[in-house]
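Some notes on the structure that comes next.
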Amino acid sequence: MTTTTTKEPKVKALFEQLKEGVANIISSDDWKKILILQTKFHNYSFRNIMLIRMQRPTAKRVASYGLWKTLGRQVVRGAQSIKIIAPHTVKLEDKETGEEKEVLSFHQASVFDVTDTEGEELPRLNYDELAGDTKQLRQFYELAMSISPVPVKEKTIKDGSEGYYHTVEDYIAIKRGIGVHKKCKTLIHEIVHATLHRRDNKDAQALTASDMEIQAEGAAFVVLTYFGLDTSKYSFSYVAGWNSSNDIERIERAGDAIQKVSKKLIDQLEALMKSEEKPKANIA
Ligand SMILES: [Zn+2]
């Protein structure tokens with residue numbers, strides 16, 4: 001394809017732009033407060049993320065009952081807990097030597113999503129909502145739907161999230177009624193989840209929730225901005241919010257995955273755009 005030579009540097013430049021944007025945020029004063037909060041949350045394993053998403057596909061921030069309490073928030077009455085597997089050590093006596101040794105064991109633990117808690121406002125970065133409804137955005141949304149590896153359904157979603165990838169039923173949900181720019185961004189974000197973070201994907205097993213969100217939103221920024229539909233005012237804050245450290249090492253690590261999946265999606269979208277430009281029939 002003739003565009004390959006110009007595409008790679010452009011994708012790389014967009015990734016650099018993402019890093020720079022996030023670096024600017026994490027040097028701000030607002031960020032310091034967020035970081036203190038971030039360090040309190042547990043970075044769950046792949047297995048637990050899958051357990052959480054199976055039970056609550058829209059889960060945003062989960063923590064134990066006790067942790068929410070120390071953060072000044074209370075789990076609301078009637079909220080349904082999400083079950084995860086937590087490790088603990090048990091002391092066992094070696095029957096032969098009589099020595100005591102520690103063995104790793106697992107138990108079921110309960111966590112709750114932030115949407116099931118109320119109380120003190122948590123510090124958060126300002127997200128500028130993506131607004132806008134143009135012909136180009138509508139066309140992009142249609143094209144993005146046709147490159148999705150799984151079915152896309154528009155649904156009524158009440159807990160504040162704009163979309164999700166359902167890891168068990170294998171479909172993408174997009175919130176009905178949100179702006180078209182937001183729909184486009186959310187759809188590409190979820191397509192990345194449905195491409196890279198499937199339950200059976202062995203490469204994803206070592207990833208944490210932060211890694212997955214950084215990959216999904218980072219690629220959404222690269223792909224949409226590549227086509228002139230800039231999402232930086234939303235994506236930079238989102239990625240920073242999942243960064244959980246004072247440097248951008250985690251984002252650096254996601255770089256390969258972001259650029260690779262972005263290129264793949266851009267290729268698919270461009271191929272569709274080209275085929276649509278072609279005249280349907282050659283009338284001489
Ligand atoms: Zn996500």
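The values are calculated or read from the model by the stated rules, or taken from the named source; none is laboratory data. Note that the coordinates shown come from a computational prediction; the quantities given were computed from them, not determined experimentally. Don't worry about glycine lacking a Cβ; one is built from the backbone with ideal geometry, like all the others, and counts go over all protein chains shown.
Does segment 244-267 contain any residue that is closer than 21 Å to residue 9 by Cα, among the hydroxyl-bearing types (Ser, Thr, Tyr) and either at pLDDT below 95 or away from the ligand (no atom under 14 Å from the Cβ) (or both)?
yes
Do we find that residue 141 is crowded, with 16+ Cβ neighbours inside 10 Å and outside any helix (DSSP H, G or I) in this structure?
Answer is no for this residue.
Only one residue in 156, 117, 134 is β-branched (Val, Ile, Thr), in contact (Cβ under 8 Å) with a residue 24 or more places away in the chain and in contact with a Lys or Arg (Cβ under 9 Å, 6 or more places away or on another chain). Which one? Steps first, please.
Values: 156 fails: in contact (Cβ under 8 Å) with a residue 24 or more places away in the chain; 134 fails: in contact with a Lys or Arg (Cβ under 9 Å, 6 or more places away or on another chain).
The conditions single out 117.
Return yes or no: is residue 98 assigned to a loop (DSSP other than H, G, I, E, B) and either surrounded by fewer than 11 Cβ atoms within 10 Å (Cβ to Cβ) or free of Cβ contacts under 8 Å to residues at least 40 places away in the same chain (or both)? First the steps, then the outcome.
Numbers: assigned to a loop (DSSP other than H, G, I, E, B): yes; either surrounded by fewer than 11 Cβ atoms within 10 Å (Cβ to Cβ) or free of Cβ contacts under 8 Å to residues at least 40 places away in the same chain (or both): yes.
Yes; evaluated as a whole, the condition is true for this residue.
How many of the residues in segment 184-214 are part of a helix (DSSP H, G or I) and either hydroxyl-bearing (Ser, Thr, Tyr) or near the ligand (Cβ under 9 Å from one of its atoms) (or both)?
10
For (1) of a type in the set (Ser, Thr, Tyr); (2) crowded, with 22+ Cβ neighbours inside 10 Å, each residue gets a yes or a no:
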| residue | (1), (2) |
| --- | --- |
| 157 | no, no |
| 166 | no, no |
| 172 | no, yes |
| 183 | no, yes |
| 188 | no, yes |
| 195 | yes, no |
| 199 | no, no |
| 206 | no, no |
| 222 | no, yes |
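For residue 58, state whether it is assigned to a loop (DSSP other than H, G, I, E, B), of a type outside the set (D, E, K, R) and without any contact (Cβ under 8 Å) to a residue 24 or more places away in the chain.
Judged against the criteria, residue 58 is not a match.
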